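Have a look at the structure below, then the notes.
The values are calculated or read from the model by the stated rules, or taken from the named source; none is laboratory data. On a predicted model such as this, the values are computed, not experimentally measured, just so you know. Positions of Cβ are generated from backbone atoms using ideal geometry, with glycine treated the same way; all protein chains shown enter the neighbour counts.
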Ligand code: AGP
């Protein structure tokens, strides 16, 4: 949460910072601000609201200069007022800071700094960092004078970081050292873009696309000095580090909306392609298995695995539930799906023969990262199923599988879910073929997977039908989402999509479990969305649907074409292609994504930037 950017070089810093903040806005959009070195002072512009409002402010009150930092905020400490906007100023304006993360000991530090005479203007933890650095700067200047100002500033930051507990990605400007940015990371991501006579700083690679292809990912406890012709990185304990330059693969079209009205819609429509990317080069028809190269475990080690733990949050957790069903069905491997926020503090028995996977789109989710670290600390090989290349989880995992879905910018996860499910299907096939799954069974799964991109293309033809249904249902305030077996996680995911972007109360349940409580909610004002494609227990779900209808609950069904039985009972049917049960989550998720999208639009909600949310949840 929160996005930070920085620039030092020869261009207009404000131009780069503003473009970068627009690209990072999915990380938080409560307020935005920039600070630019202009002559002998640092000019700060801050604005509550979305980045566009800051752009408008800058049109009225421009800033010029070629060194600066910027921030888009997802509030943690303090409301969304102008005084709480970043950047924050320390001392009497010597130091200006942007921060992503949470300073846990901010109260103690604030009291101490107040006693020293520092005056606070905001309720944020970040202002503590700004004053703390200013305090150490004064100390350093008193002790060492001003002879080597960059070194004095660096020492001040080193000293301040020693006192801070918590997480941070920091960008820091010093009024008296106007050609330099300091950047520090502990727990919140930072990437440096390397240009010719210029350096860029950002929370993720998005803002760097189109400016440079050379990037350096900072690691925890690293502190970087950025000047237009110098990049120096040091680690808190090991000293100077040679910058490890990597190549950025993204292109500008990956992060543009194109002709789509929203990123979410663009990403829904990308799914035939993203599923194809997840499968590319990973199907071995001769051996009837998947090719999964990055696990860094031998076939022998993998054969010894007797249990799998999948850990994740939100949508990725739902994908994990589908993964549980797949791994147990194909590989007969007992699998548990753990909320990362719980696993990180629990102490479940995990044997040496358990394989742990963290599932995450962003690779930066704080709880998932912490759960992964906890498992690694105990000595378990921990792998990642991740989308963002170079993200913290991708770099820290012992191995893993990339989704190759391209940047997902809409806050509501769509294409990442279907890619995660695709990759989990491949994993189940791979581990299954090492165990009980026969060659013909593997072949059949491969054939079905190969058809998936086209099947998803066909599924998207339901769009118009979904739109009409949204027109009839958008005013309802409560929804139930019901499904069984592979479609239970889909029901959970459908409910989450509706909740997060349209602010409607929606609950996902296993359809039969409804009778144990949620059926009490059913009335003519509570639609139930049944995920009911054909399959083994279709008649049972039909009975569950009848139970809802008997209580005058409106029913929308996601069902296969020509399902007369469902058509007879449901008020509205959205048709999806008929596929094997284990592939139904891929097709059934699509109409639910579209339904949430249209209902949110009709309710006037900001689809790509729903209130209170941020794309990467980098705080606990
Ligand atoms: C879903 O639409 C969400 N925005 C959210 O639940 C998300 O899936 C969750 O925060 C986990 O994110 P990750 O996959 O990046 O770890």
Here is a check on your reading of the model: is residue 536 at positive phi, out of contact with any strand residue (DSSP E or B) (no Cβ under 8 Å at 6 or more places or on another chain) and more than 16 Å from the ligand (Cβ to nearest atom)?
no
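Each row is one residue, and each column tells you yes or no for (1) touching a strand residue (DSSP E or B) at 6+ places or on another chain (Cβ under 7 Å); (2) outside any helix (DSSP H, G or I); (3) surrounded by 12 or more Cβ atoms within 10 Å (Cβ to Cβ); (4) in contact (Cβ under 8 Å) with a residue 12 or more places away in the chain.
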| position | (1), (2), (3), (4) |
| --- | --- |
| 113 | no, no, yes, yes |
| 117 | no, yes, no, no |
| 120 | no, yes, yes, no |
| 124 | yes, yes, yes, yes |
| 129 | yes, no, yes, yes |
| 142 | no, no, no, no |
| 155 | no, no, yes, yes |
Do we have residue 292 as in a loop (DSSP other than H, G, I, E, B), more than 16 Å from the ligand (Cβ to nearest atom), assigned by TED's automatic domain parsing to the domain that holds residue 446 and closer than 27 Å to residue 590 by Cα here?
yes
Selection from the stretch 395-420 of residues in a helix (DSSP H, G or I) and buried (at least 24 other Cβ atoms within 10 Å of the Cβ) yields 415, 416, 417, 418, 419, 420
For the stretch 436-458, what are the residues that are exposed (fewer than 14 other Cβ atoms within 10 Å of the Cβ) and under 19 Å from residue 335 (Cβ atoms)?
436
Residue that is nearest to the chain's Cα centre (by Cα), among those in the stretch 336-367 that are part of a strand (DSSP E or B) and within 13 Å of the ligand (Cβ to nearest atom)
360
So which of 384, 371, 441 is in a strand (DSSP E or B) and closer than 26 Å to residue 488 by Cα?
384
With the requirement that a residue be closer than 20 Å to residue 187 by Cβ and crowded, with 18+ Cβ neighbours inside 10 Å, what does the stretch 227-253 give you?
233
Filtered residues of the stretch 602-620 (kept if more than 16 Å from the ligand (Cβ to nearest atom) and in contact (Cβ under 8 Å) with a residue 60 or more places away in the chain):
602, 603
Condition test on residue 428, is it near the ligand (Cβ under 10 Å from one of its atoms) and buried (at least 24 other Cβ atoms within 10 Å of the Cβ)?
no
List the residue pairs whose Cβ atoms are under 7 Å apart, where the first residue sits in the stretch 410-430 and is over 11 Å from residue 275 (Cα atoms) and at pLDDT below 95, the second is within 15 Å of the ligand (Cβ to nearest atom) and in a helix (DSSP H, G or I), and the two are 6 or more positions apart or on different chains.
410/263; 410/264; 410/267; 411/26
Does residue 544 qualify as being within 16 Å of the ligand (Cβ to nearest atom) and either surrounded by 15 or more Cβ atoms within 10 Å (Cβ to Cβ) or under 23 Å from the mean Cα position of the chain (by Cα) (or both)?
no
Yes or no: the stretch 243-262 includes at least one residue that is part of a strand (DSSP E or B) and either without any contact (Cβ under 8 Å) to a residue 12 or more places away in the chain or more than 18 Å from residue 7 (Cβ to Cβ) (or both).
yes
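Residue-by-condition table, conditions (1) buried (at least 22 other Cβ atoms within 10 Å of the Cβ); (2) within 24 Å of residue 181 (Cα to Cα); (3) in contact (Cβ under 8 Å) with a residue 60 or more places away in the chain:
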position: 27; (1), (2), (3): yes, yes, yes
position: 31; (1), (2), (3): yes, yes, no
position: 39; (1), (2), (3): no, yes, no
position: 49; (1), (2), (3): no, no, no
position: 60; (1), (2), (3): no, no, no
position: 70; (1), (2), (3): yes, yes, yes
position: 81; (1), (2), (3): no, no, no
position: 84; (1), (2), (3): yes, yes, no
position: 90; (1), (2), (3): yes, yes, no
From the set of residues in the stretch 310-335 that are away from the ligand (no atom under 16 Å from the Cβ) and not in a helix (DSSP H, G or I), which is nearest to the chain's Cα centre (by Cα)?
335
Which listed residue, of 382, 392, is crowded, with 22+ Cβ neighbours inside 10 Å, modelled with pLDDT under 95, more than 22 Å from residue 445 (Cα to Cα) and away from the ligand (no atom under 14 Å from the Cβ)
382
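Yes/no per residue for (1) in the same structural domain as residue 25 (by TED's automatic domain parsing); (2) outside any loop (DSSP other than H, G, I, E, B); (3) in contact with a strand residue (DSSP E or B) (Cβ under 8 Å, 6 or more places away or on another chain); (4) modelled with pLDDT under 95:
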{"residue": "54", "(1), (2), (3), (4)": "yes, yes, yes, no"}
{"residue": "59", "(1), (2), (3), (4)": "yes, yes, no, no"}
{"residue": "63", "(1), (2), (3), (4)": "yes, no, yes, no"}
{"residue": "68", "(1), (2), (3), (4)": "yes, yes, yes, no"}
{"residue": "72", "(1), (2), (3), (4)": "yes, yes, yes, yes"}
{"residue": "80", "(1), (2), (3), (4)": "yes, no, yes, yes"}
{"residue": "83", "(1), (2), (3), (4)": "yes, yes, no, yes"}
{"residue": "92", "(1), (2), (3), (4)": "yes, no, no, yes"}
{"residue": "108", "(1), (2), (3), (4)": "yes, yes, no, no"}
Please find, within the stretch 478-520, the residue that is farthest from the ligand (Cβ to nearest atom) out of those that are part of a loop (DSSP other than H, G, I, E, B) and out of contact with any helix residue (DSSP H, G or I) (no Cβ under 6 Å at 6 or more places or on another chain).
517
